[in-house]
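A short worksheet on the structure shown next.
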Amino acid sequence: MKEGKGYKSGYASLIGKPNVGKSTLLNHLVSEKIAAISDKPQTTRNKITGVCHFPEGQVVLLDTPGIHPSSSKLNRLMVKTSLSVLNEVDVVLFVIDARERFGEEDDYALRTMRGIAAPKILVINKIDLVPKPRLLPLIDSLSGKEDFAEAVPVSALYNDGLDTLAGVVLRRLPEGPKYFPEDMVTDRPEQFLVGEIIREKIIRLTRFELPYASAVVVDDMAEGKQGVTLIHATIFAERVSQRKILIGEKGGMLKKIGSRARQEIEKRFGGKVYLNLHVKVKNKWRENDFYLREFGYGG
């Protein structure tokens with residue numbers, strides 16, 4: 001169906017507590033990786049827009065940081081980012097982890113949505129990890145939890161149920177124009193996507209507090225000789241001890257982060273990349289308004 005009468009378009013927000021698979025869901029719905037993913041909570045820090053193209057319409061998905069009780073100023077900004085989109089969308093997709101049932105953190109996230117006019121779709125993710133005999137009773141019990149318009153079980157990782165979910169969302173969108181061209185899957189610039197790839201590798205390769213205390217800024221990105229893309233980026237930590245971990249013995253950890261990031265960046269952009277990483281310390285940057293803005297979190 002071409003754009004015109006009957007063509008649907010609009011905005012849908014992915015909402016839920018941290019680590020329920022919102023970014024994996026976004027990446028699979030747009031059929032391209034645009035958000036950092038890991039098994040650690042609070043991986044997503046910014047609102048990330050993904051554009052889903054279908055013959056009958058276009059869904060603009062907003063992936064948001066997980067809603068959770070906030071401690072640091074960075075976390076409070078992340079939650080503020082999530083809540084800011086709720087009054088701007090046509091549909092809210094409330095995502096939960098099928099393994100964990102409905103806990104206090106889910107209730108906390110759900111309470112933030114009270115008074116939102118947009119229809120709410122309950123997305124029960126990670127059904128591949130739940131025995132089938134438990135699935136139907138689980139869906140029935142969760143469907144009556146709130147004024148959800150529908151409940152859709154999915155496995156974002158294995159693309160199970162995503163066609164059904166897309167159909168449910170499209171049915172609830174108004175008729176409208178094509179907001180983005182068909183070759184566009186996100187409105188985020190390339191520098192942001194590169195920074196997300198580097199940050200994901202830090203999250204995957206380091207442990208404890210370090211993934212949450214690090215930020216990545218892409219300082220420069222330009223085309224060099226023979227079509228090689230030259231990228232210079234800085235990783236910021238909060239303490240000297242964290243900088244030492246990021247660099248590693250004889251630079252081993254930084255080389256590993258850089259190698260894995262470079263491979264994915266080359267795959268993402270389809271060309272050779274030279275990636276130069278540096279590590280600097282900014283003491284307590286997560287509580288500093290200036291650094292939060294400088295690192296792209298302060299609005």
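On the stretch given as region 245-288, residues that are assigned to a helix (DSSP H, G or I) and either of a type in the set (A, V, I, L, M, F, W, C) or under 23 Å from the mean Cα position of the chain (by Cα) (or both) total 21. Restricting region 221-244 to residues that are charged (D, E, K, R) and not in a loop (DSSP other than H, G, I, E, B), the residue that is surrounded by the most Cβ atoms within 10 Å (Cβ to Cβ) is Arg243. Could you give every pair whose Cβ atoms fall below 6 Å, whose first residue belongs to region 161-179 and is in the same structural domain as Ile121 (by TED's automatic domain parsing) and small (Gly, Ala, Ser), and whose second residue is surrounded by 14 or more Cβ atoms within 10 Å (Cβ to Cβ) and part of a loop (DSSP other than H, G, I, E, B), counting only separations of at least 6 or pairs across chains? The qualifying pairs are Gly161/Val154. Restricting Lys250, Lys244 to residues that are at positive phi, among the basic types (Lys, Arg) and out of contact with any Leu (no Cβ under 6 Å at 6 or more places or on another chain) narrows the list to Lys250. Of the helices (runs of 4 or more DSSP H) contained entirely in region 143-220, those carrying at least 1 residues that are in contact with a helix residue (DSSP H, G or I) (Cβ under 7 Å, 6 or more places away or on another chain) and under 22 Å from Val30 (Cβ atoms) fall at 162-171, 190-205. Of all residues in region 246-273, those that are more than 18 Å from Glu223 (Cα to Cα) have Cβ atoms under 6 Å from Cβ atoms of residues that are of a type outside the set (A, V, I, L, M) and in a helix (DSSP H, G or I), 6 or more apart or on another chain, in Ile257/Lys201; Arg260/Lys201. So, in region 1-29, of the ones that are charged (D, E, K, R) and crowded, with 21+ Cβ neighbours inside 10 Å, which residue ends up modelled with the lowest pLDDT? The extreme case among them is Lys17. Filtering region 176-213 to residues that are at pLDDT 85 or above, within 20 Å of Ile245 (Cα to Cα) and not acidic (Asp, Glu) leaves Gly195, Ile197, Ile198, Arg199, Lys201, Ile202, Ile203, Arg204, Leu205, Thr206. Confirm whether Arg293 is modelled with pLDDT of 95 or more and basic (Lys, Arg). Against the criterion (modelled with pLDDT of 95 or more and basic (Lys, Arg)), Arg293 does not qualify.
Can you say whether Leu129 is in the same structural domain as Pro18 (by TED's automatic domain parsing), surrounded by fewer than 13 Cβ atoms within 10 Å (Cβ to Cβ) and modelled with pLDDT of 90 or more, as far as the supplied structure shows?
Numbers: in the same structural domain as Pro18 (by TED's automatic domain parsing): yes; surrounded by fewer than 13 Cβ atoms within 10 Å (Cβ to Cβ): yes; modelled with pLDDT of 90 or more: yes.
So Leu129 fits the description; yes.
Among residues that are closer than 25 Å to Glu266 by Cα, touching a Leu at 6+ places or on another chain (Cβ under 7 Å), modelled with pLDDT of 70 or more and assigned to a helix (DSSP H, G or I), Thr49 is not included.
The values are calculated or read from the model by the stated rules, or taken from the named source; none is laboratory data. The shown structure was predicted, so the numbers you read here are calculated from the model rather than taken from an experiment. Backbone-built Cβ (ideal geometry, glycine too); neighbour counts: all protein chains shown.
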